[in-house]
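In what follows, a single structure is set out as structure tokens and then discussed.
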């Protein structure tokens with residue numbers, strides 16, 4: 001499984017976490033059982049999901065100023081999770097170029113978000129990148 005596919009699986013997992021109340025470890029076990037391909041790159045997958053979960057407040061604080069008249073609470077969960085993954089990668093994964101993180105976030109938004117999600121996410125992340 002490529003990093004692109006692993007990132008998508010991490011997105012799907014983090015999205016589901018937004019709706020469930022059972023412990024994340026239990027959800028992760030269930031997810032891996034139903035999606036055995038995530039074990040092909042377990043370090044990247046686990047780093048992404050726990051990186052976002054454990055640093056969510058800090059990550060959100062980084063991109064919220066660039067939401068352009070939106071509040072975090074009003075942001076669709078798909079867009080929020082995509083932004084969180086991308087910002088986590090940009091801030092913590094030096095082996096992934098920022099442009100790749102933004103490009104992959106836009107691809108996820110095109111696949112899972114609303115019609116305007118990809119351009120919105122691209123704008124937020126591009127502005128965030130310029131602020132660094």
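Condition first: closer than 22 Å to residue 19 by Cβ, crowded, with 18+ Cβ neighbours inside 10 Å and either in contact with a helix residue (DSSP H, G or I) (Cβ under 6 Å, 6 or more places away or on another chain) or touching a residue at least 60 places away in the same chain (Cβ under 8 Å) (or both). Can you find one or more residues in segment 87-97 that meet it? Let's see the steps before the verdict.
Step one: of segment 87-97, the residues closer than 22 Å to residue 19 by Cβ are 87-88.
Filter once more, keeping what is crowded, with 18+ Cβ neighbours inside 10 Å: 87-88.
Now drop any that are not either in contact with a helix residue (DSSP H, G or I) (Cβ under 6 Å, 6 or more places away or on another chain) or touching a residue at least 60 places away in the same chain (Cβ under 8 Å) (or both), which leaves 87-88.
Yes, that holds for at least one residue.
Return the residues of segment 48-77 that are within 24 Å of residue 38 (Cα to Cα) and modelled with pLDDT under 95; say none if nothing qualifies. Give the steps one after another, and end with the answer.
Taking segment 48-77 first, the residues within 24 Å of residue 38 (Cα to Cα) are 48-56, 59, 77.
Those that are within 24 Å of residue 38 (Cα to Cα) and modelled with pLDDT under 95: none in segment 48-77.
Kindly establish whether residue 37 is assigned to a helix (DSSP H, G or I), surrounded by fewer than 22 Cβ atoms within 10 Å (Cβ to Cβ) and at negative phi.
Values: assigned to a helix (DSSP H, G or I): yes; surrounded by fewer than 22 Cβ atoms within 10 Å (Cβ to Cβ): yes; at negative phi: yes.
So residue 37 passes the test.
Answer yes if at least one residue in segment 67-77 is in a helix (DSSP H, G or I), buried (at least 19 other Cβ atoms within 10 Å of the Cβ), under 16 Å from the mean Cα position of the chain (by Cα) and touching a residue at least 24 places away in the same chain (Cβ under 8 Å), and no otherwise. Steps first, please.
In the first step, residues of segment 67-77 are kept if they are in a helix (DSSP H, G or I); the result is 72-74, 77.
Okay, now just the ones that are also buried (at least 19 other Cβ atoms within 10 Å of the Cβ), so none.
There is no residue in segment 67-77 that is in a helix (DSSP H, G or I), buried (at least 19 other Cβ atoms within 10 Å of the Cβ), under 16 Å from the mean Cα position of the chain (by Cα) and touching a residue at least 24 places away in the same chain (Cβ under 8 Å).
Yes or no: residue 45 surrounded by 18 or more Cβ atoms within 10 Å (Cβ to Cβ), in contact (Cβ under 8 Å) with a residue 24 or more places away in the chain and farther than 23 Å from residue 115 by Cβ? I'd like the intermediate steps shown before the answer.
Values: surrounded by 18 or more Cβ atoms within 10 Å (Cβ to Cβ): yes; in contact (Cβ under 8 Å) with a residue 24 or more places away in the chain: yes; farther than 23 Å from residue 115 by Cβ: yes.
Judged against the criteria, residue 45 is a match.
When segment 1-42 is examined, which residues are found to be touching a residue at least 40 places away in the same chain (Cβ under 8 Å) and closer than 22 Å to residue 93 by Cα?
1, 3, 4, 6, 7, 8, 10, 11, 14, 15, 41 - these are the residues of segment 1-42 that are touching a residue at least 40 places away in the same chain (Cβ under 8 Å) and closer than 22 Å to residue 93 by Cα.
For segment 78-113, what are the residues that are closer than 20 Å to residue 44 by Cα and outside any helix (DSSP H, G or I)?
Passing the criteria: 93, 94, 95, 96, 97.
Residues to consider are 125, 48; find the one that is under 16 Å from the mean Cα position of the chain (by Cα) and closer than 12 Å to residue 7 by Cα. Don't jump to the end; show me each part of the working.
Working: 125 fails: closer than 12 Å to residue 7 by Cα.
Criteria check complete, one pass: 48.
The values are calculated or read from the model by the stated rules, or taken from the named source; none is laboratory data. Computed from a predicted model, the values in this text were never measured in an experiment. All Cβ positions, even for glycine, are placed from backbone atoms using ideal geometry, and neighbour counts span all protein chains on display.
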